[in-house]
Amino acid sequence: MTDRIADIWGERTPHAKGTVWPARVDLHLDEGVREEDVEAWVPSACVLCSNGCGCDIAVKDGRMVGVRGRATDVVNHGRLGPKGLYGSTPWASSPDRLRRPMVREGGRLVETDWETAMGRVVQESRRLLEENGPLTHGFYTSGQLFLEEYYTLAVIGKAGLGTPHMDGNTRLCTATSAAAFKESFGADGQPGSYTDIEHCDAIFLYGHNMAETQTVLWARILDRTRAEDPPVVVCVDPRRTPVAEEAERTGGVHLAPRVGTNLALMNGLTRELFERGWIDEAWVAAHTIGVDDLRAVVEPYTPEEVAATCGVDAGDLRRAAEIFGTSDNVLSTVLQGFYQSHQATASAVAVHNLHLLRGLIGRPGSGILQMNGQPTAQNNRECGADGDLPGFRNWNNPRHVQELADLWNVDPLTIPHWAPPTNAMQIFGYAEQGSIELLWISATNPAVSMPESARIRRILGSDRCFVVVQDLFLTETAQLADVVLPAAGWGEKTGTFTNVNRTVHLSEKAVEPPGEARSDLDIFLMYARAMGFVDRAGDPLPSWNSPEEAFDAWRAASAGRPVDYTGLSYDKLRGPTGIPWPVDEEAPEGTDRLYTDPVFPTDTDRCETYGHDLVTGAAVTEQEHRAMAPNGRAFLKGAAYTPPHEEPSDDFPLLFTTGRTVYQFHTRTKTGRARSLHEAAPDAWVELSTTDADALGISEGDVVRVESPRGTIEVQARIGQVMPGAVFAPFHYGSWDLDGLAPDQQHRQANELTMTVWDPVSKQPYFKTAACRVTRVRAGDGPAPAPTTAASAPPPARRRAVPPTAGGGPTTSEVLPETPTYPNDPAAGTSHPAPTRTIAGRS
C-alpha cells in the first residue's frame, strides 16, 4: 500500500543491461470500492501524459471507479504514475460536467438542445461560406482526441470546407518534434523505442524533466540506473531536477545553460565530436549529406566560447561530449526545454546531428525520442488535423495531394495546398484581424495555454469571431464562446491513440457520457451531415459513421506511407498490448524502432517536406531538394546561435520560463478535479534561486509580483533550485479552482507574461524566454503551494521549513514474480512466460 503522491515513481525493480524490465502492476480504486466490487475491467491506455501506459478501467454501477496497469503492455509493464492513478476517473463524475449544449443569448450562455446549438453553428458556417468562402473558417484542436476524430476533422476541413486554417495545441507542445524529424530524416516519426533504455550505455535528456512529465518512463530509467551496471545520465536543464540529481549520481553531468542559449550549447557539443575524432566517418559518408557544412557552422563554438554564452563550465561541456562520443550506445530524449525555447528546431535537429555523426540510430540502445507533451499529439500529426496532410504527405507535392483527392473522391483543387498550412499562431492572428470569422475549438483551453493570455481573451471575446467550443467542462475558453458543445471524454467513447514511441492502443467505451454529451466523432459527423458535405459521386463526406469505420478509412490513407497502419485492426488491438507502427506485410507485429536499414524517407518524391533554413525558416524548393539527391540519406543541418528575442535589461533583469509540475496536466481540466492531485499542487507559484531571492529580500512563501512587458501575476515564491537569473512558473493555473475560488486570471496565470513569438521552422511559440522583474509584495501566510517531491523542492538547507507533499489515496503495487513476454523487445529472449494467475490489487 503506497501513497503515490509522496512516492511518485513507486517501488524500484532494478535489472541488468539487456534484460527485460520487470513487470509491476499498479492499481488504485475509489475510496470504498474493493476489487471484488468491480463489475468490469475495460481495456484502454492512460491519457494524462504522452507515455501512453496500457491500463484497464474499473467499472461499477455505470461509473469509472479506478484504474489498473496492464502487466502485458509493452509501454509500461503494468505501472501507472500519480496522474494516471489518481486523475484518470474523478473528473468523469464531477458535478460541473457539461451535460447539454449551450448558446449565447443576451450576453449569457444558456442551455439548449442539440438541434438549436448545431443549427446555429451550421447557419453561421453556411453564411460565411456563401459570403466570403472557406478561409473564414478555422479549427483549433488538441492532443487529447482519438485518431478517428482527428482524421474525420481533417477530411471535413480539407475536403468538405477546403480551409487551410487547421491546427492544434500540439503546436504548443510537439510541433518542434515533428519539424526536427522532417528536417533531418525527411518525415515525422520517432526513430527510437522505450526498449532502448534497457540497452543503452548513456542517456541524454535535453530540456526534459522526465521525472515529472513522464513518471513511468522515468521509473524505467531508474530501474536501470539503480542496477549494478547503470547507464550514465546527462541532463540539460536550467533547474536542478531529479534528472539532474541522477546525472550527478551516475557520474554524468548536469549542464544548466542560460535560458535561450540551447543552440550554442549543442554547437559546442557537436564541435567537440569533430575535434576529438568521435565521428564514424564511413557511416556518415554512406548515410548522410551535409557534414562539411555542419563542421563549418560549429567550428567557432569552443568550450570556452560556449561557457561564456551559456554560463556552463567548459570542463562539464567536454565531459558531456566525451560521454556521448565514447559510449557504445546512447539514448537521447528531448522535450519542452528545447521545443518552447529560442531556436527550437535548430536545437532539436542538433540532437539528431550528434547521433548521425556517430551512426547511433536504428539499433537497440541507440535511439532518439523527440518527446510529445500530450497523449494523442502523434495522431494529430499523423492524421492532418494539425494542418499537415494525412499520412505524412507533402502539401507541396502534387502527387501526394492527388492521392488524397482520389481517396476522398474530391477535386484536388479543393484540398488546400497552395501555401504552407496555417499554424495556430497565425490562426489566432487572423481571428484577431477578422479574416477568420468562425473559430471551432475542441478539447483545449487556449485562454490559459496560449502565450500572451490577455490578447487571446480579447480575440475569443470579440464580436468579430463566432467561437464554437466543444469540451468536457465550461473552461475559461468555453466561457467566452458563442456555442458550447458537451463532449464525451476518455472511457466514454471508443477509439485509438498513439503514444510517443508510435505504440497504438485501442480504448474501449467503458461507461456512458453524462446527459446529452456526445463523442467528438459524433459531433464532427453531425456537423458534416448538416452541412451536406458530399464527394464527387454525391456520397456523404466523410463516408463513415462509426469509430471502427473511421479507423479502417485511416488505414487506407496510411497505406504505403512511413506511418503505415494497414496491418492493424480493432480486433488485433484487443490483444494484451499496444502495437507500434508501422504495421504492414513486412512488419505484421509492429516495429520497435525505425531506420534499422538505415534508409531514411528523404527521397524528393517520398519526403514530407523539402526542408527549411533553420535560422530564417525559408523553404527549400523541390528543385533545390532534388538537386541535393538525398537518395535515402539523412540531412546533417546546422545553424549559428543568435541571441533570444527578449533579453534581460535594467527594467526587466531576469528571464521568465514556464513549465510543468508532476501533479497537474495542462490547464487542470482533469487533474484539477482529482482531490489528491489538486491538494498536492493547489495553486500557482514562481521559483527563484537562493541568490536572486536574497538579493531581492524575498523569503519562502512571500507574495511577489512578476512583471514582463506584457503582463503581471502575483503569486507566492518558492525559494528553489532554478539557476540564478531565471524565474520558473508552472503554466497550469487559470481562473478555475476545485475549491470554488475564482481569482482574477492575471493574478496567477503564467502566460500573461509570455510572448507572441515563434520558431521560424516549427512555428512553435516561445514560452521559455521572456524578460521579467520580481518585486516582493508582502509576507505570505505559509510556504508556497509548490510540491516538495521533485524539481520544485526547496534547496536541502531550507527543506525543513516546508511540510513534505503527501496525501494520495492507498495504491497497490505488486511486482510480478515472472516477467511477461513483450513483442518486439530485443531482450525478449531473457523473459519468461506471463503468469496465469490474476493479479488482485487491494484498495
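Might you let me know whether the stretch 161-169 holds any residue that is assigned to a helix (DSSP H, G or I) and not assigned by TED's automatic domain parsing to the domain that holds Thr621?
yes
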So which of Arg63, Arg79 ends up being closer than 23 Å to Ser676 by Cα, charged (D, E, K, R), surrounded by fewer than 24 Cβ atoms within 10 Å (Cβ to Cβ) and modelled with pLDDT of 95 or more? Arg63
When the stretch 490-548 is checked residue by residue, the ones that are of a type in the set (Val, Ile, Thr) and either surrounded by fewer than 21 Cβ atoms within 10 Å (Cβ to Cβ) or under 16 Å from Ile57 (Cβ atoms) (or both) are Thr494, Thr496, Val511, Val534
Being assigned to a loop (DSSP other than H, G, I, E, B) and in contact (Cβ under 8 Å) with a residue 40 or more places away in the chain is the filter here, so list the residues in the stretch 530-558 that pass it. Phe533, Asp535, Arg536, Ala537, Asp539, Leu541, Pro542, Trp544
Any residue in the stretch 212-224 that is crowded, with 24+ Cβ neighbours inside 10 Å and outside any helix (DSSP H, G or I)? yes
Are any residues in the stretch 823-843 assigned to a loop (DSSP other than H, G, I, E, B) and either at pLDDT 95 or above or small (Gly, Ala, Ser) (or both), and if so, which ones? Ala827, Ser831, Ala834, Ala840, Gly841, Ser843
Just one listed residue, out of Val351, Val312, Val330, is within 27 Å of Pro760 (Cβ to Cβ) and under 26 Å from the mean Cα position of the chain (by Cα), and it is Val351
Would you pick out the residues in the stretch 245-254 that are surrounded by fewer than 24 Cβ atoms within 10 Å (Cβ to Cβ) and assigned to a strand (DSSP E or B)? His254
Looking at this structure, is Pro242 farther than 20 Å from Gln336 by Cβ, modelled with pLDDT of 95 or more and either surrounded by fewer than 24 Cβ atoms within 10 Å (Cβ to Cβ) or of a type in the set (Gly, Ala, Ser) (or both)? no
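From the list Val511, Val500, pick out the single residue that is part of a loop (DSSP other than H, G, I, E, B), more than 21 Å from Leu128 (Cβ to Cβ) and at pLDDT below 95.
Matching residue, one of Val511, Val500: Val500.
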Name the single residue, out of those in the stretch 539-583 being among the basic types (Lys, Arg) and in contact with a strand residue (DSSP E or B) (Cβ under 9 Å, 6 or more places away or on another chain), that is nearest to Val42 (Cα to Cα). Arg574
Collect the residues in the stretch 574-610 that are more than 17 Å from Asp73 (Cα to Cα), buried (at least 21 other Cβ atoms within 10 Å of the Cβ) and among the acidic types (Asp, Glu), keeping them in residue-number order. Glu608
For residues in the stretch 280-293 being in contact with a helix residue (DSSP H, G or I) (Cβ under 6 Å, 6 or more places away or on another chain) and either assigned to a helix (DSSP H, G or I) or charged (D, E, K, R) (or both), which is surrounded by the fewest Cβ atoms within 10 Å (Cβ to Cβ)? Asp280
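Suppose the filter is over 31 Å from the mean Cα position of the chain (by Cα), modelled with pLDDT of 95 or more, at negative phi and surrounded by fewer than 20 Cβ atoms within 10 Å (Cβ to Cβ); does Gly277 pass it? Give the derivation first.
Numbers: over 31 Å from the mean Cα position of the chain (by Cα): yes; modelled with pLDDT of 95 or more: yes; at negative phi: no; surrounded by fewer than 20 Cβ atoms within 10 Å (Cβ to Cβ): yes.
The answer is no for Gly277.
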Restricting attention to the stretch 170-205, which residues are over 15 Å from the mean Cα position of the chain (by Cα) and not in a helix (DSSP H, G or I)? Gly186, Ala187, Pro191, Gly192, Ser193, His199, Cys200, Asp201, Ala202, Ile203, Phe204, Leu205
For the stretch 36-91, give me the residue count where each residue is in contact with a strand residue (DSSP E or B) (Cβ under 6 Å, 6 or more places away or on another chain), in a helix (DSSP H, G or I) and either among the aromatic types (Phe, Trp, Tyr) or without any contact (Cβ under 8 Å) to a residue 60 or more places away in the chain (or both). 1
Of the residues Gly367, Gly387, which single one is in contact with an Asp or Glu (Cβ under 7 Å, 6 or more places away or on another chain), at pLDDT 95 or above and not in a helix (DSSP H, G or I)? Gly367
Kindly indicate the residue of the stretch 92-133 that is among the acidic types (Asp, Glu) and outside any strand (DSSP E or B) and also surrounded by the most Cβ atoms within 10 Å (Cβ to Cβ) among those meeting that condition. Glu124
Would you confirm whether any residue within the stretch 307-316 is surrounded by 24 or more Cβ atoms within 10 Å (Cβ to Cβ), part of a helix (DSSP H, G or I), without any contact (Cβ under 8 Å) to a residue 60 or more places away in the chain and of a type in the set (Val, Ile, Thr)? no
Taking Ala627 as the residue in question, decide whether it is farther than 21 Å from His355 by Cα and without any contact (Cβ under 8 Å) to a residue 60 or more places away in the chain. yes
With the first residue restricted to the stretch 412-425 and required to be under 22 Å from Trp758 (Cβ atoms), and the second required to be buried (at least 18 other Cβ atoms within 10 Å of the Cβ) and of a type in the set (Asp, Glu), Cβ contacts under 8 Å at 6 or more apart or on different chains are Pro421/Asp167; Pro421/Asp386; Pro421/Asp388; Thr422/Asp167; Asn423/Asp167; Ala424/Asp167
Six or more apart or on different chains, Cβ under 6 Å: which pairs go from a residue in the stretch 472-495 that's under 18 Å from Ala45 (Cβ atoms) to one that's outside any strand (DSSP E or B) and of a type in the set (Asp, Glu)? Could you list them? Thr494/Glu508; Gly495/Glu148
Of the conditions (1) more than 25 Å from Asn209 (Cβ to Cβ); (2) surrounded by fewer than 18 Cβ atoms within 10 Å (Cβ to Cβ); (3) of a type in the set (Gly, Ala, Ser), the single one that Gly362 does not satisfy is (2)
Taking the stretch 461-490 as the region of interest, how many residues are under 24 Å from the mean Cα position of the chain (by Cα) and closer than 24 Å to Val757 by Cα? 2
For residues in the stretch 657-713 being without any contact (Cβ under 8 Å) to a residue 60 or more places away in the chain and not in a helix (DSSP H, G or I), which is surrounded by the fewest Cβ atoms within 10 Å (Cβ to Cβ)? Thr712
When you scan the stretch 662-676, do you find a residue that is over 30 Å from Pro90 (Cα atoms) and modelled with pLDDT of 95 or more, even just one? no
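The values are calculated or read from the model by the stated rules, or taken from the named source; none is laboratory data. Given the structure is predicted, the values throughout are model-derived calculations rather than measurements. Backbone-built Cβ (ideal geometry, glycine too); neighbour counts: all protein chains shown.
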